[in-house]
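The structure under discussion appears below in the form of structure tokens.
The values are calculated or read from the model by the stated rules, or taken from the named source; none is laboratory data. All of these numbers come straight from a predicted model, not from anything done at the bench. Note that each Cβ is placed from the backbone with ideal geometry, even for glycine, and that neighbours are counted across all protein chains shown.
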Amino acid sequence: MADFHHDEEFRLHTPEFNELNKKLDRREFLTKTSLGIGALAVGSLFGNSLFGSSPKTSAASTGDLEADILRALPHFAPKAKRVVYLFQSGGPSQFETFDYKPMLANMMGQNLPDSVRKGQRLTGMSANQSALPMVPSFCKFNQHGESRTWMSELMPFTAEVVDELCIIKSMHSEAINHDPAITFFQTGNQLPGRPSIGSWISYGLGSDNNNLPTFIVLVSKNGQKDQPLYARLWGNGFLPSKHQGVQFRAGKDPVLFLNNPDGYDGKDRKEMLEYLSKLNQMQNAAYGDPEVDARIAQYEMAYRMQTSVPEVMSTADEPNEIFEMYGPDSRDSGTYAANCLLARKLLEKDVKFVQLYHQGWDQHSGLPSGIATQCKATDQATAALIKDLKQRGLLEDTLVIWGGEFGRTVYSQGKLTANDYGRDHHPRCFTMWMAGAGVKPGITYGETDDFSYNIVKDPVHVHDFQATLLHLMGIDHERLTYKFQGRRFRLTDVEGKVVKDILT
Amino acid sequence: MILGNITTFSGHLHPLIVHLPIGFILLAAVFDVLSYKKKYENLKPAVSITLLIGFISALLACLFGYILSLSGDYDKAVLTHHKLSGITLAVISGVLYYISTDKAKREVRIPGKLFSVLLIGLIALMSYSGHQGASLTHGNDYLTMRTLTQQVREKPASVQSAMIFEDVVAPILQKKCAQCHQNGKLKGNFSVENLQTLLKGGKNGPAIVPGKLTESELYKRITLDPDHKDYMPADGKPPLTKTEVQIIKWWIAEAGAAEGKTMAQLKNTDSIKTQVSTYLGLNNVATSSGDDNGFTQAINPDIPLQADTLLIARLRGKGLMVRLMLKKPVMLDITLPANSGVKMPAIKNDLMSLAKNIIWLNLSGNNFTDNDLTILKSFTNLEKLRIENNPVTDGVSGNIAALKHLEAVNLNETKITDAGIVNIKKNTGIKRIYTWGRAAK
């Protein structure tokens, strides 16, 4: 008997296959008799994937609605083909970077006027302060570029590329603490569980490179890890799991569990995967679970990545002047600078959404020294990325985004001394910038009041930013939806207006 | 509220159930008439039971019909006729059933022929009642010759020749409102049949007040928050698109609710032309499926609306990445991955067949020569071109300069000299030329 089994590809009559056999037998019965038509009709109720007609409509519960939504994409001719989002986690202060407030120079230590605050809520960290003493920026500001844009002395390199930037000074958010604020920015909702921007884009537009993930995440090792980041920030939420962001790490294992284990040469890997894939397809034929499709696709992607990842991670071919442009850190894999260089290499390969995270912008106290360190670690590489993309002609169709989850207060948190102060979270206004495909270069959009406390002109909500980002990729943010738990969801929830004035 | 929903729900069952008595009573009559023939004599006993089922289902239809009538919004006169005839029908079918039972036959004997005549009379009554019911649902004129003779307005050839009310506003209202606001089903006592009924309005006053948006009930209702109880279209029926709302707004405010006027005859049409042409499907903009959300893109009209999907699939099969930038017209972004090893002759014909659909093209890093790239001049709609990192020389510059829609060209790391660049710059439409690291390799 044992010999007999060896002739079969699968030992279908072993107990392990019992459940599957029951399912398959019933299916065969249904399709082979006159009830076949009826079975097809029932099948279509549960989604086309049961009969393998369309791989894109794999989520069983939604069927045609989902296919229709995907079929309509793209809604506009896109300006941007790729996105690199340099997320500055912690809430960078607008006072020490982009939002120049000269009026404050004479107001050191004065209490924040009630006419400005208007009774708005503060965080639990400074709500109990007896006074809210205003503090001017310790940095000098100068005008740069043909646009004569005011820039802080802490970002000398960014100042050199200021004519490429579209600086938005009137960003505002709803959340006042890190986790809900970052989650809000990345997923459009303050509570965890929704897909991130990169996942939506991967889901809606698919991949331009079959050998690398569509959505790649790089977290700096040299940011101060005072506030944590979670993998769910680049999670797929309720979208099929192949759309989640894949984190590339520094060191010899850039993608975890991708390398062959010790003692295995990998020679029969392909054969093993083909066999496994057949098993998975049998499983899928019986259950129609879209996650099985995702699993098959992930195994195949991982196999291709065993070649493509070491290739893209290698910086051996980069000339010296490139490392010099990105700064000394760029030779130290895993730093922000090295990640910027790696991001460029990924974008060259048409990876659609690359997201960097750099932590440590949360200066509740000791702000002057803290923010100087942060700028030093990021400024040169950020500017270098812009220059590098530009000279390679990639800024043509790549959108670069720089920004945190909120801004900081005009008043000092904690003790204010002549040389030292801190600033608390401030979601009412903060600065972000975009550059590259489809956005006007060398402009500043929106204005804050003299205290950078309230917005006085052209406010841009987080959902507006998200809508604009999707628009540049060719997506109408109101029409990219996904039905889950009985309702349709979208990145911008029920809000969001494209900021038309910053588009080319 | 839940109770309300249950009654609305069961009311909606009326149109379903009402077909049961129609079928059964008809069947009873057929059995009865056939049983006069010797061959079908044995059908006679079935008449009674068929009538019973017809009677019971008629009762149910009456009950659900009554619940449906509670929702109001029907033409009163027609509703009364339908109601009375329906109830009479149920009662008579009950009486006839009683007569047909064996028990009754022992007490009151009526001749078989008379019974048959009564049964056929019942069918006449049923036809009448059915017609009244259909009038309620589909409007009084649903069965007139007008449906046959009605002229379908021809689609206007241009925005200027389109009649704002007849070709644009009226069809919008017909599509989105007429189901509840026309003829038999006059919800809110309001009809969108023609301009007069619109000006007259319904129980909340005029629907349209020329030139005055704030007084126009119709405009108010379609622009409310969709969750508002007065929002129209109600009950989750498909709302008007933004384009449609903009058109109606303009028609009331700017065109004074004009009738019988073409766009050419009206003033201040600049602000609405795009929306009208979008609605009529006259322009080439990216609005093939539904709402454009207020964005209209300037798209080169020379780009073909279609492309051969088989060719696209074939190129993909050969390792090229073909990205669909837009579906209507079909705009393609084609990339041959660097170092692909693919030779130009292998893909030349496929690319040429899609030439006018190619808008972005990336052939960088594939060891192509001037000779390989002579095909460039066929891609007349190309906007972005990447040929960096190829051993091409000035020979290719003429082909690039000939591309009149080209905006950006990437010549990094090629052998093109300054003379070649000068040649390319003769095409002043090209805004960005990337020339980093030329002749470096």
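Some notes on this structure:
- Looking across A:SER412, A:SER369, one residue alone is surrounded by fewer than 24 Cβ atoms within 10 Å (Cβ to Cβ) and not hydrophobic (A, V, I, L, M, F, W, C). It is A:SER369.
Residues are listed down the side, and each one gets a yes or a no for (1) touching a Gly at 6+ places or on another chain (Cβ under 8 Å); (2) of a type outside the set (D, E, K, R); (3) at pLDDT 85 or above; (4) over 18 Å from B:ILE248 (Cβ atoms):
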residue: B:ALA124; (1), (2), (3), (4): no, yes, yes, yes
residue: B:GLY133; (1), (2), (3), (4): yes, yes, yes, yes
residue: B:ASN140; (1), (2), (3), (4): yes, yes, no, yes
residue: B:THR144; (1), (2), (3), (4): no, yes, no, yes
residue: B:LEU148; (1), (2), (3), (4): no, yes, no, yes
residue: B:VAL152; (1), (2), (3), (4): no, yes, no, yes
residue: B:GLN196; (1), (2), (3), (4): no, yes, yes, no
residue: B:GLY201; (1), (2), (3), (4): no, yes, yes, no
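- Taken as a whole, the condition of being modelled with pLDDT of 95 or more and over 17 Å from A:VAL84 (Cα atoms) applies to A:PRO459.
- Of all residues in the stretch A:77-107, those satisfying the criterion of being part of a loop (DSSP other than H, G, I, E, B), farther than 22 Å from A:MET171 by Cα and either in contact (Cβ under 8 Å) with a residue 40 or more places away in the chain or touching a His at 6+ places or on another chain (Cβ under 9 Å) (or both) are A:ALA77, A:PRO78, A:LYS79, A:LYS81.
- For beta carbons closer than 7 Å, sequence separation of 6+ or different chains, a first residue in the stretch A:390-404 that is facing chain B (nearest Cβ under 9 Å) and under 12 Å from B:ASN362 (Cβ atoms) and a second that is part of a loop (DSSP other than H, G, I, E, B) and of a type in the set (Gly, Ala, Ser), the qualifying pairs are A:GLU396/A:ALA437; A:ASP397/A:ALA80; A:ASP397/A:ALA437.
- Every residue from the stretch A:255-275 that is hydrophobic (A, V, I, L, M, F, W, C) and within 32 Å of the chain's Cα centre (by Cα): A:VAL255, A:LEU256, A:PHE257, A:LEU258, A:LEU273
- Of all residues in the stretch B:1-42, those that are touching a Ser or Thr at 6+ places or on another chain (Cβ under 7 Å), at pLDDT 90 or above and not aromatic (Phe, Trp, Tyr) total 8.
Table: residues versus (1) among the polar types (S, T, N, Q); (2) within 11 Å of chain A (Cβ to nearest Cβ); (3) in contact (Cβ under 8 Å) with a residue 24 or more places away in the chain; (4) touching a Cys at 6+ places or on another chain (Cβ under 8 Å).
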| position | (1), (2), (3), (4) |
| --- | --- |
| B:ILE303 | no, yes, yes, no |
| B:LEU324 | no, yes, no, no |
| B:ASP333 | no, yes, yes, no |
| B:ILE347 | no, no, yes, no |
| B:ILE359 | no, yes, yes, no |
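- When the stretch A:79-119 is filtered for residues that are within 14 Å of another protein chain (Cβ to nearest Cβ) and in contact with a helix residue (DSSP H, G or I) (Cβ under 7 Å, 6 or more places away or on another chain), the ones remaining, listed by number, are A:LYS79, A:ALA80, A:ARG82.
- Against the test of being under 30 Å from B:LYS356 (Cα atoms) and either surrounded by fewer than 15 Cβ atoms within 10 Å (Cβ to Cβ) or modelled with pLDDT of 85 or more (or both), the options B:GLN265, B:GLN306 yield a single qualifying residue, B:GLN306.
- For the stretch A:203-221, the set of residues classified as at the interface with chain B (Cβ under 9 Å from one of its Cβ atoms) and of a type outside the set (S, T, N, Q) consists of A:LEU205, A:GLY206, A:ASP208, listed by residue number.
- Filtered by the rule that a residue be over 12 Å from the mean Cα position of the chain (by Cα) and either closer than 14 Å to A:ALA297 by Cβ or aliphatic (A, V, I, L, M) (or both), the stretch A:210-228 gives A:ASN210, A:ASN211, A:LEU212, A:PRO213.
- Residues that are of a type outside the set (Val, Ile, Thr) and surrounded by 21 or more Cβ atoms within 10 Å (Cβ to Cβ), drawn from the stretch A:326-341: A:TYR326, A:GLY327, A:ASP329, A:SER330, A:TYR336, A:ALA337, A:ALA338, A:ASN339, A:CYS340, A:LEU341
- Looking only at the stretch A:434-456, and only at residues there that are modelled with pLDDT of 95 or more, surrounded by 20 or more Cβ atoms within 10 Å (Cβ to Cβ) and not in a strand (DSSP E or B), the one that is nearest to the chain's Cα centre (by Cα): A:GLY446
- Flag if A:LYS267 is touching an Asp or Glu at 6+ places or on another chain (Cβ under 9 Å), among the basic types (Lys, Arg) and in a loop (DSSP other than H, G, I, E, B): no
- A single member of B:THR369, B:THR414, B:THR428 is free of Cβ contacts under 8 Å to residues at least 40 places away in the same chain, among the hydroxyl-bearing types (Ser, Thr, Tyr), crowded, with 18+ Cβ neighbours inside 10 Å and in the same structural domain as B:ARG316 (by TED's automatic domain parsing), and it is B:THR414.
- For the stretch A:347-358, a residue qualifies if it is crowded, with 24+ Cβ neighbours inside 10 Å and more than 14 Å from chain B (Cβ to nearest Cβ), and the qualifying residues are A:PHE353, A:VAL354, A:GLN355, A:LEU356, A:HIS358.
- All positions within the stretch B:405-441 that are outside any loop (DSSP other than H, G, I, E, B) and either more than 14 Å from A:GLN391 (Cβ to Cβ) or among the hydrophobic types (A, V, I, L, M, F, W, C) (or both): B:ALA408, B:VAL409, B:ASP418, B:ALA419, B:GLY420, B:ILE421, B:VAL422, B:ASN423, B:ILE424, B:LYS425, B:ILE433
- A:LEU239, sole failed condition from (1) under 16 Å from A:LEU356 (Cβ atoms); (2) of a type outside the set (Val, Ile, Thr); (3) in contact (Cβ under 8 Å) with a residue 24 or more places away in the chain: (1)
- Condition check for A:ARG344: buried (at least 17 other Cβ atoms within 10 Å of the Cβ) and charged (D, E, K, R): yes
- Considering the stretch A:194-211, and only residues there that are modelled with pLDDT of 95 or more and assigned to a loop (DSSP other than H, G, I, E, B), the residue that is surrounded by the fewest Cβ atoms within 10 Å (Cβ to Cβ) turns out to be A:ARG194.
- Residue, nearest to the other protein chains (Cβ to nearest Cβ), within the stretch B:312-322, restricted to residues that are in contact with a helix residue (DSSP H, G or I) (Cβ under 7 Å, 6 or more places away or on another chain) and in a helix (DSSP H, G or I): B:LEU315
Residue-wise test of (1) surrounded by 11 or more Cβ atoms within 10 Å (Cβ to Cβ); (2) under 18 Å from A:ASP449 (Cα atoms); (3) of a type in the set (Ser, Thr, Tyr).
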position	(1), (2), (3)
A:PHE98	yes, yes, no
A:LEU104	yes, yes, no
A:MET107	yes, yes, no
A:ASP114	no, yes, no
A:ARG117	yes, yes, no
A:GLY124	no, no, no
A:ALA127	no, no, no
A:SER130	no, no, yes
A:PRO133	yes, yes, no
